[in-house]
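Take a look at the structure below.
The values are calculated or read from the model by the stated rules, or taken from the named source; none is laboratory data. What you are looking at is a predicted structure, and each value in this text was computed from that prediction instead of being measured. In this analysis, Cβ positions are derived from the backbone assuming ideal geometry, glycine residues included, and neighbour counts consider all displayed protein chains. Please note that ligands, DNA and RNA were not included when accessible areas were found on the heavy atoms of the full protein model with its side chains. Shrake-Rupley method; radii C 1.70, N 1.55, O 1.52, S 1.80 Å.
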Amino acid sequence: MFEPSLNTLTPSPIRWFNRLYALISVIGIFTLFYRHFRNLLYSPSVTIFSQLVADVVLALVWATWQAGQMYPVHRRVFPEKLALVVKEGGFPGLDVVVCTADPFKEPPVRVVNTVLSLMAFDYPTEKLSVYVSDDGGSQLTLFAFMEAAKFARFWLPYCRKYDILDRSPEVYFGNDPFLFPESYEIKEMYETMKAKIEEAVEKRRVSHDQITHRWIKAFSKWTSTFTPQNHPTVIEVLLERNEDKDITEHPLPNLILFHIRVSAAMTDSPIFLTQDCDMYSNNPKTPLYTLCHFLDPKVDPNLAFVQFPQSFHDINKVDTYGGQHLLEIRTNIWGMDGVGGTMFMGTGGFFKRQAFLGTPSSVGPSDISEAKTHRVEKKSIKSDDILALAHHVAGCRYEENTKWGLEMGFRYGTLIEDLYTGFILQSQGWTSVFCDPERAAFLGSSPMSLSDILLQSKRWFVGFLEMVFSKHNPITYGFKHMDPILALIYAHYDLRPLLAISIVIYSFLPQLALLNSCSIFPKVSDPWFGLYAFLFLGSYAKNLVEYTMAGGGLVKWWNNQRMWLVLGVSSYPFAVIDWVLKSVGLSTIEFNVTSKVLDDEITKRYDAGLFEFGVESPLFLTISIAAIVNLFAFLTGVVVVFKNGGFEELFGQLFVAGFGVVNSWPIYEAMVLRSDKGKMPVMITVKAIGVALGLCLTQKGTIFQHKPTMVEPSLTTRTPLPIRWFNRVYALVIAIGIFALFYRHFRNLLYSPSVTIFSLLVADVVLALVWAMWQASQVNPVHRRVFPEKLPLVVKEGGFPGLDVVVCTADPFKERRLRWLTVCCL
C-alpha cells in the first residue's frame with residue numbers, strides 16, 4: 001500500500017564545491033606547515049614558533065568546520081498530507097515548556113507574549129499543555145500569568161477565527177492590523193493587562209488589591225524567608241482544559257506554572273517543546289511541521305528531536321554584532337543534518353520524551369514510570385494525587401541517588417547544557433533533524449549591547465572548554481559513539497575558544513615586527529607569498545559564499561567577520577582564563593541571565609549601527625589595546641616604507657596591521673568621535689593607550705632580529721614567470737583527476753578483474769608517471785637577466801678570475817678544419 005511521505009531530504013549540490021575547496025586548501029595548509037618547520041629547523045626563533053602555533057590552531061579549527069560542509073542537506077515538509085496518515089484527534093499530546101528566571105531581566109510582559117503565542121498553536125487544545133518554568137520563583141511571574149489566563153479566553157478564539165499569523169499580541173498590535181470588528185476591543189484588553197503587569201513589576205511586588213480570592217493561598221507562599229535561590233516548590237494550575245473554556249466555549253489548553261519534569265507527572269505528553277521566554281511563535285503551524293517528521297511512515301525509530309533554527313526579530317539592518325549567527329545556525333547545521341542530526345540549540349527543540357529515559361535499545365514506550373514517577377491516569381491535574389506527585393518530582397532532593405542529569409533528562413555539569421544534552425543523546429544512538437520552514441517558526445531577541453554579547457559569548461566558550469576537557473570530549477568519546485564527521489563538527493564548537501591563541505598572536509606579533517622593521521612574512525615577489533595570499537583570500541571568499549547562501553549580505557558578512565576578531569581578543573581569552581581558574585578551584589562561574597530589558601537610547605544607537613560600549617569592562621580594555629597597537633604599527637610602517645623603502649619585505653605586516661585598523665574603526669570612533677552614552681569610557685581609552693604604548697616601546701628589538709646589511713649592486717636578476725600559477729593550478733586539478741581515474745581502475749580491478757582493465761591501469765600509470773615528471777619542470781619557471789655594465793662596481797678588470805676554454809673534436813673528415821681554426825681564434 002502506498003504511504004505518503006511527509007518530508008523529503010535533498011543533498012545540496014554545493015557539497016562538491018566544498019569538498020574540492022577543502023582538498024585544495026589542505027594541500028596549501030600542509031605546504032605552509034612545511035615552510036614553518038623548515039624555517040624552524042634552519043633558523044629557529046620565537047617569532048617562527050609563534051607563527052607555527054597560531055597556524056596549527058587555525059588549521060585545526062578550520063578543519064573541524066569543513067567537516068560540516070561535506071554533506072549539507074535541505075529538508076522539506078508537507079503538513080497538508082498529515083491527514084492521510086493520522087486524523088487530528090490522533091495527534092500525540094504536546095507539552096510546551098517556557099523557561100524564565102528573573103522578572104527584572106526578562107520582563108513578564110514579554111514572557112506572557114511568548115506563552116500566549118504558543119498557546120495559540122494550530123494544534124488541538126485537548127492535546128496541548130503549556131508550562132512556565134520560573135527558576136526565580138517570582139510572585140510577579142505568577143501574577144502576570146494570572147492576567148494572561150484571563151486574556152487568553154479572548155485572544156485564542158480571535159486568532160483562530162481570523163487565522164492570525166502573528167499570535168504574539170505585542171507583535172500583532174504593533175503592526176496596526178485593525179481589520180476586524182473585535183480588533184479594538186481585544187487591543188484594549190491587552191493594553192489593560194499589560195499595564196497591570198508593568199505596574200506590579202515597577203513596584204516590585206503584587207499588591208493585595210490585585211489578588212483575587214482564588215489566588216490568596218498561592219501568594220501566601222511568598223514569605224519573608226522566600227528567596228530566588230531558596231524557596232518552596234511553586235506549582236499552580238492556571239488553566240485546565242477539562243474545566244476552562246474560552247468565550248466561544250472551546251476548551252483552553254492547560255497552563256501550569258513550573259517545571260519540565262513536572263510535565264511528565266501531570267500530562268506526560270510523548271512530545272515536548274523547550275522554549276526560551278523571549279522566543280515567541282511566529283508560525284502557528286510549527287507543531288504540524290514537527291509531526292511531519294515524527295509521524296512520517298518511514299521515520300527513523302531513533303529520532304529524538306526536531307530542531308528549529310533560532311531567528312531574531314530585532315536584528316538591525318547591518319547586524320552590527322553578527323547576532324544572526326547564520327553560519328552556525330544554518331550553514332553548519334545543514335551539514336550536521338546530513339550526517340546524523342543537528343545539535344540542540346536550547347530552544348525551539350521538539351523532543352520525544354522517551355529519548356530522555358535512556359538509549360534507544362533500553363527504553364520502551366514513553367512511560368514516566370521509567371523516571372520513578374507515575375502519572376495518575378484519568379484524574380484532573382488539580383487533583384491532590386497529581387499535585388502531590390508533581391511536588392515530589394519537583395523537589396530539590398528528587399534527583400539524589402538517581403540517574404537524572406547523568407543518564408536521564410537534561411545533562412548537567414556544564415554551562416552549555418543544551419549542546420551537551422544533544423551530544424549525549426546522539427552518542428547514545430538517537431538522531432535528530434533540522435526543520436527550517438520558509439516562515440520562521442520562532443522569533444526572539446538578540447542583545448543590543450556589546451558587553452552583553454561578549455559576556456554571553458564568554459559563558460558559552462567556558463562551557464565548550466568544560467566539554468572538551470571532560471570524558472565526553474567529541475574527539476575521544478564522540479568518535480567511538482557517533483559518526484566521526486558529526487563528532488568533528490561538535491569538536492569545532494568546543495575548540496573555538498582556542499582561537500584566542502591564533503587571533504592574539506596575529507593581533508600583536510606582525511605589528512610589533514613592523515615597529516622593528518622586521519619582516520616575518522615572505523616578500524611580495526617570493527613564491528611563498530602567493531601561498532599566504534591564496535589561503536587568506538580563499539578562506540575569506542569561501543566564508544562569504546557560505547554567508548550569502550545562508551541568507552546574509554556583504555555588509556552583514558563584514559560585520560560578522562569583524563566580531564570573530566573582536567571575540568578573539570576578548571571573550572575567547574577571558575573564557576580560557578576563567579576555565580583555568582575554575583579548574584584549579586580559584587573561582588566559580590555562574591549562569592547569568594542575559595538582560596532582555598530594552599533601553600530606548602541603546603535601541604536607537606543599535607538601529608544606527610553603532611557599537612554600544614558605555615560601561616567599563618576588562619573585555620573592552622583588551623579590544624582597545626589591540627586596536628591601538630594595530631593603528632600605531634600601521635602608521636609607523638607606512639612612514640618607514642616611505643622613508644627607507646622595503647615595501648615588498650614589509651607588505652605582509654602592513655596588510656595585517658591595516659586589516660586590523662579597518663576592522664577597528666568602530667572602536668576608534670567610540671574613543672574619539674562619539675559623545676553619546678554608548679561611547680568608550682574615558683578610563684578604558686586612557687588605560688588602553690598607556691598599555692599599548694608601553695607594549696610597543698618595551699618590545700622594540702627584543703625578539704626581532706633586524707640586521708641592516710650593505711646594499712651591493714646586483715649583476716643578475718631572477719624573475720619567476722607569472723605562468724607558474726597557471727601551471728600549478730593545472731597540475732593540481734589534473735592530479736585530482738588522475739587519482740580519481742586510478743580509483744576507478746582499482747575498483748574495477750577489485751570487483752571485476754580482467755586483462756583489459758589491468759592493461760589500462762598499467763598504461764595510465766606509465767602515462768601519469770611521465771606526465772608528473774614533466775610537470776616538475778613547470779612548477780617554477782624563471783627568466784634571468786645579466787648586467788655586465790655593473791661589473792666594474794664589483795671588481796676591476798685586472799681582478800677578473802682566470803678562464804680556461806676547452807674545445808672538443810674527434811674526426812677531421814667529419815668536422816671541417818676551417819671551423820676548428822675559427823673556434824680556436826675565438
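With the simple model of a label 7 Å out from the Cα in the direction of the Cβ, Val807 to Val299 spans 9.7 nm. Sites listed here are chymotrypsin sites (Phe, Trp or Tyr not before Pro) in region 1-55 whose DSSP assignment is loop and whose Cβ has at most 14 other Cβ atoms within 10 Å: Phe2. Potential lengthening of the chain between Ser383 and Phe104 amounts to 97.1 nm, from the contour at 0.36 nm per residue minus the alpha-carbon distance.
Any of Lys285/Lys556; Lys194/Lys317; Lys458/Lys582 with alpha carbons more than 18 Å apart? Name them for me. Don't skip to the answer; put the middle values down first.
On the way: Lys285/Lys556 30 Å; Lys194/Lys317 29 Å; Lys458/Lys582 14 Å.
Lys285/Lys556; Lys194/Lys317, as the Cα separations exceed 18 Å there.
Count the net charge of all other residues whose Cβ sits under 10 Å from the Cβ of Tyr321, scoring Lys and Arg as +1 and Asp and Glu as -1.
-2
Spin-label model, Leu406 to Glu616: label points 7 Å out along the Cα-to-beta-carbon direction sit 4.6 nm apart. Here's how it looks for Tyr131: its modeled amide H is under 5 Å from those of Val96, Val97, Val98, Ile256, which are all 5 or more places away or on a different chain. Semi-axes of the equivalent ellipsoid for region 1-146, computed as √(5λ) from the eigenvalues of its C-alpha gyration tensor and ordered from largest down, come to 52, 30, 9 Å.
Please check which bits of region 516-554 a label hung off Leu693 would reach, taking the label as a point 7 Å along Cα-to-C-beta and the cut-off as backbone N under 19 Å. Answer for region 516-554: 516.
Quick check on the chain: helices-only [θ] at 222 nm, where DSSP H runs of length 4 and up contribute -39,500 (n - 2.57) each and the sum goes over total residues. Nearest 500, please.
Per the formula, -15500 deg cm²/dmol.
Fully extended, how many nm does the chain gain between Phe178 and Glu3 (0.36 nm per residue separation, minus their Cα-Cα distance)? Spell out each step's value before the answer.
Working: separation 175, 0.36 × 175 = 63.00 nm, distance 4.37 nm.
Taking Phe178 through Glu3 to full extension adds about 58.6 nm, to one decimal.
How would you classify region 497-629 from its alpha-carbon gyration tensor, with a ≥ b ≥ c the square roots of the eigenvalues: rounded for a/c under 1.5, else prolate if a/b is greater than b/c, otherwise oblate? Show your work: numbers first, answer last.
Values: a/c = 1.92, a/b = 1.32, b/c = 1.45.
Note, shape of region 497-629 comes out oblate.
Report the FRET efficiency, 1/(1 + (r/R0)^6), for Glu188 and Phe219, where r is their Cβ-Cβ distance and R0 is 25 Å, rounded to 0.05. The formula returns an efficiency of 0.40 here.
Taking a point 7 Å out from the Cα of Leu721 in the direction of its Cβ, the residues of region 759-803 whose backbone N falls within less than 12 Å of it are 777-784.
Suppose R0 equals 30 Å. What FRET efficiency, 1/(1 + (r/R0)^6) with r the Cβ-Cβ distance, do Phe739 and Thr31 give to the nearest 0.05? All intermediate terms of the calculation are to be shown ahead of the outcome.
Details: r = 18 Å, r/R0 = 0.59.
So, using R0 = 30 Å, E works out to roughly 0.95.
With only Cα atoms counted, the chain has Rg and Dmax values of 34.0, 133 Å.
Calculated FRET efficiency, Asn644 and Asp314, Cβ-Cβ r, R0 35 Å, to nearest 0.05?
Working: r = 51 Å, r/R0 = 1.47.
Plugging the Cβ-Cβ distance into 1/(1 + (r/R0)^6) gives 0.10.
Protection proxy ranking of 786-793, 179-186, 526-533, by the mean of other Cβ atoms within 10 Å over each peptide's residues and highest first, is 526-533, 179-186, 786-793.
Less than 5 angstrom separates the built amide H of Ala304 from those of Thr431, Ser432, all sequence-distant by 5 or more or on a different chain. Measuring between their Cα centroids, region 599-625 and region 1-63 lie 34 Å from each other. Whole-Hz Karplus values for region 403-418 come out as 8, 5, x, 10, 10, 9, x, 6, 7, 9, x, 8, 7, 10, 4, 5 Hz, taken residue by residue from phi with 6.51 cos²θ - 1.76 cosθ + 1.60 and θ = phi - 60°; glycine and proline positions read x.
What residues from region 307-349 fall in the zone where the backbone N is under 17 Å from a label point 7 Å along the Cα-to-C-beta line of Arg19? Only 335-340 fall inside the zone, counting backbone N under 17 Å.
Close amide-amide hydrogen proximity is noted between Arg411 and Thr421, each under 5 Å apart and 5 or more residues distant or on a separate chain (H modeled in the peptide plane; Pro and chain starts excluded). Helix 450-468 and the long axis of the chain differ in direction by around 80°, with both axes built from C-alpha atoms. Inter-part distance, region 647-661 to region 740-766, computed on C-alpha centroids, equals 51 Å.
Quick check for you: with a 1.4 Å probe and neighbouring chains kept, what is the accessible area per residue of region 527-662, in Å²? Could you put the intermediate results ahead of the total?
Details: 6490 Å² over 136 residues.
Each residue of region 527-662 exposes 48 Å² on average to a 1.4 Å probe.
Sort 475-484, 803-812 for me by packing, meaning the mean count of neighbouring Cβ atoms within 10 Å per residue, highest on top. Can you show the working numbers first?
Working: 475-484: 16.4, 803-812: 6.6.
Those peptides, ordered most packed to least, come out 475-484, 803-812.
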